[in-house]
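S.K.: Just dropping this structure here.
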Amino acid sequence: MNPHPDLTSGVLHGLGWYYLILFVMNLLWTVRSFKVDGEFKKSTPILGGMPVATVWAVLTSILLMLSAAHFTGGSSPEKFMIRLPEWFKNPVDAYFANPVIYFAGSVGLYWAMIRFREWWVQDTVAYTMLQLSLIFMGLSLSDYDFRQIVGKPDNVPIVAMLFIVSFLTWIYFKRAVDNDNRIAQGRPLFEQENNEKVLVWPDLVYIELICMVVLTAVLVFWGIALEAPLEEPASSVKTPNPSKAPWYFLGLQEMLVYFDPWLAGVVLPGIILGGLIAVPYIDFNKGGNGYYSFKERSFAISTFLFGFFPLWIALIVLGTFLRGPNWNFYGIYELWDVHKVVAANNVNLSEFFWNSPLFSWMYGGLPKGDSFMGSPTLTLLLRESPGILLTLGYFALLPPLLGLTVLRKYFVKMGILRFLVFSNLALWMAVLPIKMLLRWAFSLKYIVGIPEWFFNI
Amino acid sequence: MSVGDYIRNSQIWKSVFRHPAPTDRRNRVVVMLTNFFLHLHPVSIKQQGIALSYTWCMGGITFFLFLVEALTGVLLMFYYRPTLEWAFYDIQALRDVQTLGIMREIHRWGAHAMVITVWLHMYRVFLTGSYKPPREFNWVIGVLLLVLTLLLSFTGYLLPWDQLAIWAITVGSNMARAHPFLGGEGPGFQLLNMGGYDLITNASDAKFMLLGGRFVGEATLNRFYILHCVAIPVVVSGLIAIHFWRVRKDGGISQPL
Ligand code: HEM
């Protein structure tokens, strides 16, 4: 079978509907733009006096033509022209098929989201980004491998989640920027205006009723449109490759690349939950309670967003869409080739240390057997002592050190116990990015590696 | 007298609803106080507390999805037998033969949706600072609900007994094997021994307890079925009740002072 079967008429019709929906969306937006952005008055110099709505009108008509082309092109799909060219797909794959760039990119996006919040909360900017991502989706759907992975029924909710999370994050920043400005100008908060008491019947019960009706409709429609997956009957001999955990645990499964199961599967999830539970007890900041704001709680919000976006959502997306056979990294347009080989030659910290010129001269390389005081246990400990000391120092020395220097302000306000809990949680949160960086930069496998005791860090 | 009035004035109707139709202010208050389902709510509420742009309605949606899951789940239980012999084929029949097979779709998509909405609810609560005093403890209950929601979804994943199911659960439960001290391949398990015999082996460790065996098998199916259909839902229902009660006792939905 051709590994890249081409477009089928079914796909083209589906895309026809997709662009038709985009067309309707943009038609409405053009009308709105004509009303809101002004007809000819507020035009930008680039447009030479034309209303901004012209741009949207052009996009709208292109979308209509795209839609029509897809509906009519369905009869001979193999000749259909509108598809992503290879010169676009290949570099994108080269870019995505790389966890380093992917992670750096998600951190960069996170940073930009906060840094440029005042810019992107504007309606037109946000809407433009939405349209760009939708058109990118549409074009990408003309690729077979992209369809295979994004179109899998179990993965559809994740795509939907990405759009919903982005939308709600936009609402948050819009409201927060607004409130930050209000506070700066000494005006009442948005939440303080229009905050009269109303009766629950009818004001709330009708919202609830409508919500329930809409949700039921969505679920029924979703159930009809997408069949729940059912694969072959379970067999304990045929191991699928890749074997993936349910999608909401793929962030944890991704951590398995960098940590052993006892850390990635037990300790880190435990710390995440413990950390979440501890949140209300370590956040001593009284501000920003009961309204959207950023400036009043910039540290808390930035930390939470860092955990939520680069460390959770982005890792789920990575695990779902970009991890293929043998847990290798695959580009979004790349075939999941079982035979793809990725060289992995990782080294433990102890090897770096004892094989370094100085210590191999002093000690003659890695301590082996019972060469140290005739005891295998002590030899093991000696071999791993650099990593053990580093780890102990990280968790035991850094908190007081930070408390006395950079984070002194927090230390004073929090008191010792609260500060120790807080700083340890923060250090745990940094553990994953640190290990990732070490792996990528130095091919470091374990900081402490005692496989004899199943104790690897 | 119209038919509607006739019904509303009948003894039967009045025995069920303890108040006249909520068309005027007084009865709109009375309805909230006398109806069992509505008494979850206060009588009146601040506008911001019900503004969609403030709460995103995510807690409410999560609750609604939980109810949908309970309803469709009970319907599925009428068909589904949790045994190696039948589990897979019952699900297959739901897909291909049974009239109300769409219940399985709704149940599965509803479960995905619930995981997403519970995250978004937490996200909203964090962004509005609603976990701050006096609502700290309700946040803690919330975190427990979050874990249980994920576990509900996880235990349900095994029940179709197809390739997707057992391997996802195998990957997930391998973590239990690596539990420090309590897992047969976890750091420190050798420390738990008596007279030279390991207490923790692969036939007595955390993974074994979870799976009821060394591998995902019939005992696992049974355990996950009970967890999924009885144990976790009961606990979640209780916690949701406390969660809602606390929302009211902590002064309603958060808002600026
Ligand atoms: C099964 C899961 C859950 C259900 C059904 C649920 C339901 C609700 C509902 C209906 C509300 C009323 C306000 C709203 O809709 O936003 C609420 C409020 C609240 N929830 Fe949840 N929730 C769940 C999980 C969580 C989680 C995971 C957290 C946090 C970790 C949480 C923390 C809170 C807090 C602190 C409030 C008070 C918010 C305020 O006053 O603004 N809940 N919950």
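The values are calculated or read from the model by the stated rules, or taken from the named source; none is laboratory data. In this text, all values refer to a predicted model and were calculated from it rather than measured experimentally. No Cβ is skipped: glycine too gets one built from the backbone with ideal geometry, and neighbour counts run over all protein chains shown. Ligands, DNA and RNA are stripped out before the accessible areas are found, and what is left, the full protein with its side chains, is counted by its heavy atoms. Shrake-Rupley method; radii C 1.70, N 1.55, O 1.52, S 1.80 Å.
S.K.: Give B:Arg95, B:Arg104, B:Arg135 a once-over and let me know the one that is open to solvent by less than 30 Å² (accessible area, probe 1.4 Å) and of a type in the set (Lys, Arg).
M.R.: After ruling out the rest, the residue left standing is B:Arg104.
S.K.: While we're here: Does B:Gly129 fit the bill of being of a type outside the set (Phe, Trp, Tyr), within 12 Å of the ligand (Cβ to nearest atom), in contact (Cβ under 8 Å) with a residue 40 or more places away in the chain and within 7 Å of another protein chain (Cβ to nearest Cβ)?
M.R.: Numbers: of a type outside the set (Phe, Trp, Tyr): yes; within 12 Å of the ligand (Cβ to nearest atom): yes; in contact (Cβ under 8 Å) with a residue 40 or more places away in the chain: yes; within 7 Å of another protein chain (Cβ to nearest Cβ): yes.
Yes.
S.K.: With segment B:6-103 as the region, which helices (runs of 4 or more DSSP H) entirely inside it contain at least 2 residues that are among the small types (Gly, Ala, Ser) and at pLDDT 90 or above?
M.R.: Output list reads B:58-77, B:87-96.
S.K.: Given the condition open to solvent by 20 Å² or more (accessible area, probe 1.4 Å) and in contact with a Phe, Trp or Tyr (Cβ under 8 Å, 6 or more places away or on another chain), answer yes or no: does some residue in segment B:223-235 qualify?
M.R.: Among the residues of segment B:223-235, not one is open to solvent by 20 Å² or more (accessible area, probe 1.4 Å) and in contact with a Phe, Trp or Tyr (Cβ under 8 Å, 6 or more places away or on another chain), which makes the answer no.
S.K.: Can you find, within segment A:240-256, the residue that is modelled with the lowest pLDDT among those that are open to solvent by 30 Å² or more (accessible area, probe 1.4 Å) and within 7 Å of chain B (Cβ to nearest Cβ)?
M.R.: Of the residues in segment A:240-256, the ones open to solvent by 30 Å² or more (accessible area, probe 1.4 Å) are A:240-241, A:244, A:249, A:252, A:256.
Narrowing the set further to residues that are within 7 Å of chain B (Cβ to nearest Cβ) leaves A:240, A:244, A:249.
Working: A:Pro240: 86, A:Lys244: 89, A:Phe249: 91.
Selected residue: A:Pro240.
S.K.: Looking at segment B:236-257, which of its residues are within 7 Å of the ligand (Cβ to nearest atom) and not in a loop (DSSP other than H, G, I, E, B)?
M.R.: Scanning segment B:236-257 gives B:Val236, B:Ile240, B:His243, B:Phe244, B:Val247.
S.K.: Right, next: Listed residues A:Ile183, A:Ile207; which is open to solvent by 20 Å² or more (accessible area, probe 1.4 Å) and over 19 Å from A:Ile301 (Cα atoms)?
M.R.: A:Ile207
S.K.: Can you give me the number of residues within segment A:69-95 that are open to solvent by less than 50 Å² (accessible area, probe 1.4 Å) and part of a helix (DSSP H, G or I)?
M.R.: Here the count works out to 7.
S.K.: Could you check segment B:167-212 and list, in sequence order, the residues that are surrounded by 15 or more Cβ atoms within 10 Å (Cβ to Cβ), more than 9 Å from chain A (Cβ to nearest Cβ), farther than 19 Å from A:Asn456 by Cβ and touching a Leu at 6+ places or on another chain (Cβ under 6 Å)?
M.R.: Scanning segment B:167-212 gives a single hit, B:Ser173.
S.K.: Being aliphatic (A, V, I, L, M), touching a Phe, Trp or Tyr at 6+ places or on another chain (Cβ under 6 Å) and not assigned by TED's automatic domain parsing to the domain that holds A:Arg439, is that true of even one residue in segment A:249-266?
M.R.: No - not one qualifying residue is present in segment A:249-266.
S.K.: Is there any pair with a first residue in segment A:117-134 that is of a type outside the set (Asp, Glu) and a second that is open to solvent by less than 60 Å² (accessible area, probe 1.4 Å) and outside any helix (DSSP H, G or I) whose Cβ atoms are under 9 Å apart and which are 6 or more apart or on different chains, and what are they?
M.R.: Correct list of pairs: A:Arg117/A:Phe294; A:Thr124/A:Asp37; A:Thr124/A:Val52.
S.K.: Here's a follow-up. Out of the residues in segment A:267-292 meeting the condition of being open to solvent by 30 Å² or more (accessible area, probe 1.4 Å) and assigned to a helix (DSSP H, G or I), tell me which one is farthest from the ligand (Cβ to nearest atom).
M.R.: A:Val267
S.K.: Would a scan of segment A:322-333 turn up a residue that is touching an Asp or Glu at 6+ places or on another chain (Cβ under 7 Å), in a helix (DSSP H, G or I), modelled with pLDDT of 85 or more and crowded, with 17+ Cβ neighbours inside 10 Å?
M.R.: Checked segment A:322-333: no residue is touching an Asp or Glu at 6+ places or on another chain (Cβ under 7 Å), in a helix (DSSP H, G or I), modelled with pLDDT of 85 or more and crowded, with 17+ Cβ neighbours inside 10 Å.
S.K.: Please go through segment A:133-167 and pick out each residue that is among the aliphatic types (A, V, I, L, M) and either touching a Lys or Arg at 6+ places or on another chain (Cβ under 6 Å) or open to solvent by 10 Å² or more (accessible area, probe 1.4 Å) (or both).
M.R.: Within segment A:133-167, A:Leu134, A:Ile135, A:Met137, A:Leu139, A:Leu141, A:Ile149, A:Val150, A:Val156, A:Val159, A:Ala160, A:Leu162, A:Ile164 meet the criteria.
S.K.: Every residue in segment B:143-184 that is more than 16 Å from the ligand (Cβ to nearest atom) and under 16 Å from the mean Cα position of the chain (by Cα), please.
M.R.: Result: B:Tyr157, single match.
S.K.: Among the residues of segment B:109-126, write down those that are in contact with a Gly (Cβ under 8 Å, 6 or more places away or on another chain) and more than 8 Å from the ligand (Cβ to nearest atom).
M.R.: B:Trp109, B:Ala111
S.K.: State yes or no: is B:Phe215 open to solvent by 10 Å² or more (accessible area, probe 1.4 Å) and within 11 Å of chain A (Cβ to nearest Cβ)?
M.R.: yes
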